[in-house]
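Contents: one structure, followed by commentary.
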Amino acid sequence: MQLNITTDKKYIISGIILIFFIVLIIKLFMLQIVEQSYKLSASNNVLRYIPQYPARGLIYDRKGNLIVYNQAAYDLMVVKNQVKAFDTTELAKILEIPPEQIKDGFIQIKKVKGYSPYKPSIFIKQISSKIYAVLQEKLYQFPGFEVHPRTLRSYPHKIAGHLLGYVGEVDDEIISKNPYYQLGDYIGINGLEKSYEKELRGVKGVSIYMVDVHNRIKGSYENGLYDSTAVVGKDIICGIDANLQEYGEKLMANKIGSIVAIEPKTGEVLAMVSSPSYDPELLVGRDRTTNYRLLQNDTLKPIFNRALMALYPPGSTFKIVNGLVGMQEGVVYPTTRYGCAGGYPIGRGVGCHNHPSPLSFTQAIQMSCNTYFCYVFRSIIDKPIFGSVENGFSDWKKHVESFGFGKKLGIDLPNELRGIVPSVNFYDRYFRKGGWNSLTIISLSIGQGELGTTPLQMANLAAVIANRGYYYSPHVVKEVKGTDGIDPKFTEKHYTTIDSTYFNYVVEGMDMAVNGGFGGTALIAALPKIRVCGKTGTAQNPHGADHSVFIAFAPKDDPKIAIAVYVENAGFGATWAAPIASLMIEKYLTDSIARPDLEKLMFEGKLLDRHANKK
Amino acid sequence: MQTRNSSWRGFDWITIFIYLALVFMGWLNIYAAVYSDAHSSILDFTQRYGMQLIWIVFALILALFVLLIDRRVYFVFAYLFYALAIVLLIVALLFGKVVNGAHSWLQIGSAGIQPAEFAKFATALAIAKLTNVYNFKILQPKSLLQIGFILFLPAIIILLQNDTGSAMVYAALILVLYREGLPNWIMLYFVLIVILFILVIIFSNATVLIFVFGLTMLLFAIFGNRLKEMLIYTLASTIIGIVLYYSIRYTGYSLSTTYIVLIAITIGIPVALIYAFFRRIRLIYYLSLFLIMNTAFTLSVDYIYHNVLATHQQKRINDLLGIEDDTQGWGYNVNQSKIAIGSGGFFGKGYLQGTQTKYNFVPEQSTDFIFCTVGEEWGFIGSLVVISLFLILLLRLIMIAERQREAFSRIYGYGVVSIIFFHVFVNIGMTIGLFPVIGIPLPFFSYGGSSLWAFTILLFIFIKLDSSRLG
Ligand SMILES: [Zn+2]
């Protein structure tokens, strides 16, 4: 019996050992064969992907002046596990930050997604070169800290903030949508930086290293077989004339409004001013968020790009369009004359100012007679062949849209608005079906009513007239270096539905308006040696003083610039918008100003208080 | 009587071969763990693999020496070895060098030794000698006291050295005692104690006490066949507990649930004992003792865990039991070790191709975590080979132990089996997250002279004893 128990025990002990070892083997089986995650963890452990950031492409103006370049900045990184006790006050002093921010920094880094105490986390972003110079010498005193070079945008002329846009760090949303971007990458957020992000950013490279547990680089992975070099971003040449842009911003100082100038032969944007503007440097680097918030909270909305996003009624400038549509539809001829006794007499009537009567087509444009275009507009809508108001209106709308109104022109900038050209449906809803006629919507004849156009569309109108009937989609970029050319959509002519011969009469009218002596509405815009053609307008503003509008192009026979100027709350087009446009044209074509008094008057004009009053 | 010379054939060459294979594989893995392009020469003595080569040569000389000595030396001087080991342990405790928080190193010239490693075979010899006495009855109080003394003395000194892992090894010698007559129920109780230990750490005191109470009641119902009395007693105790709880709350004081359970037990036991006395139920006496012992054990484990153990030890235990999941902090060691082994897959990454161990992601990779290199570079196959070698070695040693005529040799053999088994299971177990990281080496594998020599001596004394069994 006793013997039996002892032999049993031999087997029990062997059994116990066997069971324990089988447990080990099962666990190893789970770990090494069933579970896959450890293999992934292993490569994450060992491989460190260090992105190689390419320099972002530079931006030049049409004459080769640099308008955006890169400036070195440095991100201070920290590897938490390598930090040893250090003098926080000393570091704070070097970085020119309060000492508490050091302590806070260590708390903040842990909140970042993907934080690991074994990998570098951004401790302080975008240290200036000046601070970096000091820090670099003392960095050895702060083990665990390292500096990664980055680039920030810089603007030698501090102009064209709206147009250029700005660069910022990618957020979670961008990262989730586009796998190219990783935490800490920069991306163009607005303006050209956004629309040419792909060209400007270049292609990130990556160097893969093997690291040990202390994150010390042990060498390149597979001798750099899987590394890729960064491709520098492409430089961009804009159609913008930096001098003109700067001059336009100066002219618009202390005024609200917009200037858009286009080269009619190409559709290149020469200047695009939205006022009030802001210094693009404000939206660079560490202070970007703070400054952005300040700008955003400003009641004058300096961030808002009025050139593309502000909808104004076109005012009297729109008479040109109605005149052209009328001629195309054969309801008005160059010789057609209408009398005007202070206004259009039918219905509620439309008033007119004092001018000779009766007027021919050209004269009507020169003197901007409301009455004349009321007749023209009604003749189009009520043209018997259409059979109904609706058909007539639809035909008119089709013509109007061929000028680029009521649709996006397709400029290479984000956030362009399409503007408003009302539709039959709109009026059917606004009144009722059959409840409206040409008289009800008569204000369209003088560019008021339910029309909404952007300054860009108005500049495009000037370009259409300058070209006698066609336009190129306006675009900012002239050339992306290292590519075959710009987007083909910018070299495609868009013809209006109006025969080019009719444009000559309009051009004559616009010439007369500026240079025609008595009765001309825009005599102030005339230049001694250059034949400027222009048309004033006053956009009715239900909220306050009317907006001053002027469109023009010059020279008359070989147009090199087409321009639209809007000055909010500035009253008649001739008072502010026409002289500003004229100075712009003079600046662009002669590179000098022969009328210093006028220039001074415009520079010093302060119209912001009018804006304030209306509130 | 055979002479020494003729005993060469008597050596168990299978065991010796497995030993050599393990030592060689260990060295290969130390080379792989430390390997870097800068130091690739095998004989670079500034590197650990170079040093280990020296340790191995010494170990082989030691083994030869152990085999050549007269076998009677181990029997006659068993207590002397033991006494020497104890003295060295005390010296190390008092004057030793602190390595990894443990006062366990004795500096001799430029080299250091760990007496704790050598105390293992000395203790095994001492136990063998003690129980070898003719007609030794393990269950006599005097025997238990002697055994307890021999086991606890080195264990306590090692604990004082702050080397918990090495101290726990002595608990493994219960296998020897089991083989030598410790009844099954004591083994079972031992298992219960281990379970209680884990429960105390995971759950609250009160929960474990209620578990202990419930277990006692269950045993009463099963062995005493007294379900009715058990239910009445349980109900009464529960009511006492509930009444206590609410009456104390009513007075506005608060008392932890642990105390309420304790009070209920304290009231309950005398009542049960009086009942037992009148009804003459002996089982109740035993169960009362059982309940008191387990309660005391629970409370002391809780006390030790929260007031005696250092934070890092608590953390390691917590981490293993899944109470805390902190892969970058305290769980880091185990996590990195699991990543290394797990990334090895079926066939491994190939010799010297391991990235996790090579780039130091695994801590202590040439000593306590040497198995990571095996797992990463040799994969599941390699791990299986190594574990199988150890398993074959252990089963072989049991076989050898059982063929001994003398109790001394057999008992010593089981001592060798227990010690190696504990080391292998705990060491590999901790690298794959089955056991807390308590820092004990993998026999014959891990880097370090003391450990290698101590295991060599441990094993070869047994081979020597076996070789002369016929004599
Ligand atoms: Zn009139």
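Worth a mention:
- Solvent exposure of chain A, expressed per residue, is 43 Å² of accessible area, with all protein chains present and a 1.4 angstrom probe.
- Relative contact order %, chain A, counting alpha carbon pairs below 8 Å whose residues are six or more apart: 13
- Scalar couplings 3J(HN,Hα) for segment A:551-561, obtained by applying the Karplus form with A = 6.51, B = -1.76, C = 1.60 to θ = phi - 60°, are 10, 7, 8, 6, x, 4, 9, 9, x, 10, 8 Hz; x denotes Gly and Pro.
- Per residue, the average separation of C-alpha pairs within less than 8 Å and at least 6 apart gives segment A:242-329 a relative contact order of 23 percent.
- Candidate residues B:W13, B:W453, B:W27, B:W105: accessible-area rank, largest first, probe 1.4 Å: B:W13, B:W105, B:W453, B:W27
- Theoretical FRET efficiency, 1/(1+(r/R0)^6), r = Cβ-Cβ of A:S37 and A:Q108, R0 41 Å, to 0.05: 0.90
- Solvent-accessible area, 1.4 Å probe, carbon plus sulfur percent, for segment B:203-309: 73
- Rolling a 1.4 Å probe over the protein heavy atoms gives segment B:366-471 an accessible area of 19 Å² per residue.
- Sequence-distant residues sharing a close amide H with A:V476 (under 5 Å, placed H): A:V269, A:D412
- Drop in accessible area of at least 40 Å² in the complex versus isolated chain, residues of segment B:419-437, 1.4 Å probe: B:F421, B:F425, B:I432, B:L434
- Farthest towards the positive end of the charge dipole of the protein assembly as shown, among the residues A:P149, A:G410, A:P596, is the Cα of A:P149, using unit charges on the Cβ of Lys, Arg, Asp and Glu.
- Here the Karplus relation 6.51 cos²θ - 1.76 cosθ + 1.60, evaluated at θ = phi - 60°, turns the backbone of segment B:52-64 into coupling constants of 4, 4, 5, 4, 5, 4, 4, 4, 5, 4, 4, 4, 4 Hz, with x for every Gly and Pro.
- Here segment B:339-452 has 63 percent of its accessible surface on carbon and sulfur atoms, given a 1.4 Å probe and all protein chains in place.
- Inter-label distance for B:L289 and B:L145, nm, one decimal - labels placed 7 Å from Cα along Cα-to-Cβ: 1.6
- Under 5 Å from the amide H of A:G257 lie the amide H atoms of A:S275, A:E568, each residue being 5 or more positions distant or on a separate chain, with H modelled from the backbone and absent for Pro and chain starts.
- Remark on the protein assembly as shown: hydrodynamic radius 37.9 angstrom, per the Kirkwood mean of 1/r across alpha carbon pairs.
- In terms of accessible area, using a 1.4 Å probe and ignoring ligands and nucleic acids, A:R468, B:R280 rank largest first as B:R280, A:R468.
- Kyte-Doolittle at least 0.0, axis length at least 30 Å by Cα - qualifying DSSP helices, chain A: A:2-29
- Karplus-derived 3J(HN,Hα) values for segment A:307-318, using 6.51 cos²θ - 1.76 cosθ + 1.60 with θ = phi - 60°, are 4, 10, 10, 8, 9, 10, x, x, x, 4, 4, 6 Hz; glycine and proline are entered as x.
- At q = 0.09, 0.12, 0.20 Å⁻¹ the log10 of I(q)/I(0) for segment A:47-238 amounts to -0.40, -0.70, -1.43, computed by Debye summation with a single uniform scatterer per C-alpha, solvent ignored.
- Loss of accessible area when B meets A, both sides summed, Å² nearest 100, probe 1.4 Å: 3700
- Carbon + sulfur, % of accessible area of segment A:453-550 - ligands and nucleic acids excluded, 1.4 Å: 51
- Dipole magnitude of segment B:203-309, debye to nearest 20 (Cβ charges: Lys/Arg +1, Asp/Glu -1, about Cα centre): 380
- Segment A:426-534 shape via C-alpha gyration tensor axes, a/c threshold 1.5: oblate
- Computed about its Cα centre, the charge dipole of the protein assembly as shown is approximately 2600 debye, with only Lys, Arg, Asp and Glu carrying charge at their Cβ.
- Figure note: A:V83, B:V176, B:V194 ranked by solvent-accessible area, largest first, 1.4 Å probe, ligands and nucleic acids not counted: B:V194, A:V83, B:V176.
- Calculated translational diffusion coefficient of chain A (10 °C, 1.306 mPa s; Stokes-Einstein with Kirkwood radius over alpha-carbon pairs) equals 56 µm²/s.
- Normalised contact order of segment B:203-309, rounded percent, pairs of Cα under 8 Å and 6 or more residues apart: 38
- Rounded if a/c under 1.5, otherwise prolate or oblate - segment B:203-309, Cα gyration tensor axes: oblate
- Virtual spin-label span in nm between B:E406 and A:Q82, 7 Å along Cα→Cβ: 6.1
- Residues whose placed amide H lies under 5 Å from that of B:T367, excluding near-sequence neighbours: B:Y447
The values are calculated or read from the model by the stated rules, or taken from the named source; none is laboratory data. It should be emphasised that the depicted structure is a prediction, and the values quoted were computed from it without experimental measurement. So basically every Cβ, Gly included, is an ideal-geometry build from the backbone, and we count neighbours across all protein chains shown. We work out accessible area using only protein heavy atoms, side chains counted, and drop any ligands, DNA or RNA first. Shrake-Rupley method; radii C 1.70, N 1.55, O 1.52, S 1.80 Å.
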